[in-house]
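Below is one structure, written out as structure tokens; the observations come after it.
The values are calculated or read from the model by the stated rules, or taken from the named source; none is laboratory data. Just so it is clear, the structure is predicted and the values come from calculations on it, not from any experiment. Cβ coordinates were reconstructed from backbone atoms using ideal geometry, including for glycine residues, and neighbour counts include every protein chain displayed. Surface areas here come from the heavy atoms of the whole protein model, side chains and all, with no ligands, DNA or RNA. Shrake-Rupley method; radii C 1.70, N 1.55, O 1.52, S 1.80 Å.
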Amino acid sequence: MKCKTTINYNIMTKAEIVNLIAKQTKVEQSEVLEIVEAFMKVIKNSLTDGENVYLREFGTFLIKHRAEKPARIISKNKTIIVPAHNIPSFKPSNIFSDKVKLASDDD
């Protein structure tokens with residue numbers, strides 16, 4: 001007998017984040033949107049420039065290096081080489097991770 005676990009992830013959009021911040025800070029939504037977009041731009045530019053971004057008690061936006069590796073295209077029965085590349089990644093802080101774990105235990 002198989003046991004199925006259903007996980008229902010809620011999704012929050014940038015617009016919802018802006019609305020919540022505007023309500024909590026009593027700052028105009030247009031100003032909050034500008035700040036949120038500037039924040040995201042700084043993160044993207046830092047990672048593009050090879051700099052990791054550390055936010056204490058939140059987490060780290062970092063660059064992970066993926067080595068060159070062989071891969072297969074099964075439908076064509078062909079082997080290709082995926083070149084080495086960097087990818088952006090996020091590693092939550094222990095405080096952040098623990099808070100999420102505790103929230104999931106309440107379910």
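State the answer as a single residue: which of V82, N94, I43 lies farthest towards the positive end of the charge dipole of the range 42-107, with beta carbon charges of +1 for Lys and Arg and -1 for Asp and Glu, about the Cα centre. Going by the Cα projections, it comes out as V82. Annotation for the range 40-107: trypsin sites (Lys or Arg not before Pro) lying in DSSP loop with at most 10 further Cβ atoms inside 10 Å of their Cβ are R56. When the GluC sites (Glu not before Pro) in the range 1-104 are filtered for DSSP coil states and for at most 12 other beta-carbon atoms within 10 Å of their beta-carbon, the remaining sites are E28, E57, E68. Tell me whether the range 45-107 comes out rounded, prolate or oblate; compute the Cα gyration tensor, take square roots of the eigenvalues as a ≥ b ≥ c, and use a/c under 1.5 as the rounded threshold. Judged from the Cα gyration tensor, the range 45-107 comes out oblate (a/c at least 1.5, b/c at or above a/b).
For the chain, the solvent-accessible area with a 1.4 angstrom probe is 91 square angstrom per residue. Taking only protein heavy atoms and a 1.4 Å probe, the accessible area of the chain is 57% carbon and sulfur.
Computed per residue of the chain from DSSP H runs no shorter than four, each worth -39500 (n - 2.57), the mean residue ellipticity at 222 nm is -13500 deg cm²/dmol. P(r) for the chain, from all Cα pairs and a bin width of 10 Å, is 11, 22, 31, 24, 10, 2 %, short bins first. For N86, the residues whose modelled amide H falls within less than 5 Å of its own, excluding neighbours fewer than 5 places apart on the same chain, are R66.
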